[in-house]
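Undergrad: So that we are looking at the same thing, I have put the structure below in structure tokens.
The values are calculated or read from the model by the stated rules, or taken from the named source; none is laboratory data. Being a predicted model, the structure only gives us computed values, none of them experimental. All Cβ positions, glycine included, derive from the backbone under ideal geometry; neighbour counts span all protein chains shown. When the accessible area is computed, the model is the full protein with side chains, heavy atoms only, and any ligands, DNA or RNA have been set aside. Shrake-Rupley method; radii C 1.70, N 1.55, O 1.52, S 1.80 Å.
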Amino acid sequence: MYEIKTMNNIAQAGLNILSARGLVLNVDAEDPAGLLIRSAKLHDAKFGDNLLAIGRAGVGVDNVPIDRCTEQGIAVFNAAGANAEAVVELAVCSLILASRDLMEGALWAKSLAGHPNAEEEVEAGKKNYVGPEIMGKTLGIIGLGNIGSRIANAAIALGMDVLGYDPYMSVESAWRISSEVRHADDLGMIFRSSDYILIQLHLNDSTRGMLGAQAFAQMKNGVRIINLARGGLVDSDAILAALASGKVARYVTDFPDSKVIGQKGVVAFPHLGASTPESEEKCAVMAAQELADYLLDGNTKNCINLPDVNLDRAGRGRICVIHDNVPRTLNGMLDIIGQENLNVEHMINKARGSIAYTIIDVDEPVTPEIELRLAAIPHVRRIRLL
């Protein structure tokens, strides 16, 4: 029986799913089959031989060593889209805060507590916190995935003109997005045309510092920047210089660092995007379902390092193989299965870059001897019998 170790507080609804599907929850497990985490940092963690999968009850997986997991044949899942509604609400709030100086105004009003002429002071001081409306302004969104596409629709509903840029937009996001969202051919169009720019991308080597000095130089004077995705997407030194020069009017971020916190023109949240009880529960439920589906049936959904594969059960034995995406590996597996007089009832094979994942259902149970023969095929990283 598979043991699951939780390394953070996980919403009970997610834990209930694991228990209901026969998986054993053990926070003290020394070599579990699965890990269910939120913010636990795993880069220095040692993974046991039994570890098959890691479920992240959230979206970002920068706390997980993806390359090492792939090398060891460990599937990594996230809860893509489970926190979308919460982040969209924060994005709408951020658009307003990027325009109206509500934060500073509220702090100033609070300072008038007990003042004998508070009403008069309020009326006299409100002119210091004037800001523009967002209706009719242009919002440029970089990244139109689960969250970015929903933000685009919300901004359209608020009367904004929306430009979207995402050369890798999924079919699902394309179906979801409003027809009123205009497509930007390149980032330059976003930079030149937008009054507000919101970046909603994963952080990796190609996106790190995407909004830096060169990008700001192409933007309108007084542009307003919103980053609710990852701090490293915006170069902190460059955004502070842009704020000081007036190129950027305000920077709203959910991922502040020591450089930007407390600086004039910066509205910083302590990573509150998914901090709602509804979002935490949905993330836990999704991650738990993904772990259970993979451990019990081999299916992958929202997998970070393997292709998404789903195959209904057929036959009496199921073979799941993580392998390099190279010629003849699949042929070698099928040759051995045929030599053992097993008939393939159903199968699926998909690749994701250099990694491939194959599920094969056969008409009889697979013996340990056959498993050893399959595992000995060159380029096979991990094999499981279900």
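Undergrad: Per the 1.4 Å probe, what fraction of the accessible area of region 296-386, in percent, lies on carbon and sulfur atoms?
TA: Of the solvent-accessible surface of region 296-386, carbon and sulfur hold 48 percent.
Undergrad: Same structure again: Rounded to the nearest 5, what is the percent of antiparallel bridges among the DSSP beta bridges in the chain?
TA: 40 percent
Undergrad: Let me ask something else. Please determine, in degrees from 0 to 90 and to the nearest 10, the orientation of helix 277-297 with respect to the longest principal axis defined by the Cα atoms of the chain, where the helix direction is its Cα long axis.
TA: The helix 277-297 is inclined about 20 degrees to the chain.
Undergrad: Give me the extension gain from His346 to Ile66: residue separation times 0.36 nm, minus the current Cα-Cα distance, reported in nm with one decimal.
TA: Once the chain is fully extended between His346 and Ile66, it gains 97.8 nm.
Undergrad: Rounded to the nearest 20 debye, what is the charge dipole size of region 200-296 about its Cα centre when +1 sits on each Lys and Arg Cβ and -1 on each Asp and Glu Cβ?
TA: Computed charge dipole of region 200-296: roughly 720 debye.
Undergrad: If you roll a 1.4 angstrom probe over the protein chains with everything in place, what fraction of the accessible area of region 27-173 belongs to carbon and sulfur, to the nearest %?
TA: That share works out to 53 percent.
Undergrad: Using a 10 Å cut-off on Cβ atoms, rank the peptides 140-146, 58-64, 174-180 from the highest mean neighbour count down.
TA: Sorting 140-146, 58-64, 174-180 by mean packing, highest first, produces 140-146, 58-64, 174-180.
Undergrad: Right, next: Considering the alpha-carbon set of region 78-231 alone, what are its Rg and its Dmax in angstrom?
TA: My reading of the Cα-based Rg and Dmax gives 17.8, 60 Å.
Undergrad: Right, another one. Would region 60-148 count as rounded, prolate or oblate if I go by the C-alpha gyration tensor, calling it rounded below 1.5 in a/c and otherwise prolate when a/b exceeds b/c, oblate otherwise?
TA: Taking the square roots of the gyration eigenvalues as a ≥ b ≥ c, region 60-148 is prolate.
Undergrad: Skip the ligands, DNA and RNA, and give the accessible area per residue of the chain with a 1.4 Å probe, whole Å².
TA: Dividing the accessible area of the chain by its residue count gives 48 Å².
Undergrad: So what's the Cα pair-distance distribution over region 182-315, bin width 5 Å, in %?
TA: The distribution over region 182-315 is 2, 9, 16, 17, 14, 11, 10, 9, 6, 4, 2, 1, 0, 0, given as percents.
Undergrad: Just how many pairs of Lys in the chain have C-alpha atoms closer than 15 Å, counting pairs that are eight or more places apart or on different chains?
TA: Count of close lysine pairs: 7.
Undergrad: Calculated from DSSP H runs of 4 or more alone, at -39500 (n - 2.57) each and per residue, what is the 222 nm mean residue ellipticity of the chain, nearest 500?
TA: -9500 deg cm²/dmol, from helical runs alone.
Undergrad: Another question, if that's okay. Could you let me know the centre-to-centre spacing of region 145-194 and region 1-53, using Cα atoms, in angstrom?
TA: Their Cα centres are 37 Å away from one another.
Undergrad: Going by average Cβ neighbours within 10 Å, how do the peptides 275-281, 4-10 rank, with the highest at the top?
TA: Result, highest mean first: 4-10, 275-281.
Undergrad: Using alpha-carbon pairs under 8 Å, 6+ residues apart, how would you state the relative contact order of the chain in percent?
TA: It comes to 16 percent, rounded to a whole number.
Undergrad: Quick one: what do you get for region 249-386 if you divide its Cα Rg by 2.2 N^0.38 Å?
TA: Expressed relative to 2.2 N^0.38 Å, the Cα Rg reads 1.54.
Undergrad: When only DSSP loop residues count, what GluC sites (Glu not before Pro) in region 315-386 have their Cβ near at most 16 other Cβ atoms within 10 Å?
TA: Glu340
Undergrad: Averaged over all directions, how much area does the convex hull of the C-alpha atoms of region 1-156 cover when projected, in nm²?
TA: Mean orientational projected area (region 1-156, Cα hull): 14.5 nm².
Undergrad: Using bins 10 angstrom wide from zero, how does P(r) for the chain break down, in % of all Cα pairs?
TA: Spelled out bin by bin, the chain gives 5, 20, 25, 21, 15, 8, 3, 1, 0, 0 percent.
Undergrad: Okay, next question. Please report, as a whole percent, how much of the solvent-accessible surface of region 185-259 comes from carbon and sulfur atoms (probe radius 1.4 Å).
TA: Carbon with sulfur: 46 percent of the solvent-accessible area.
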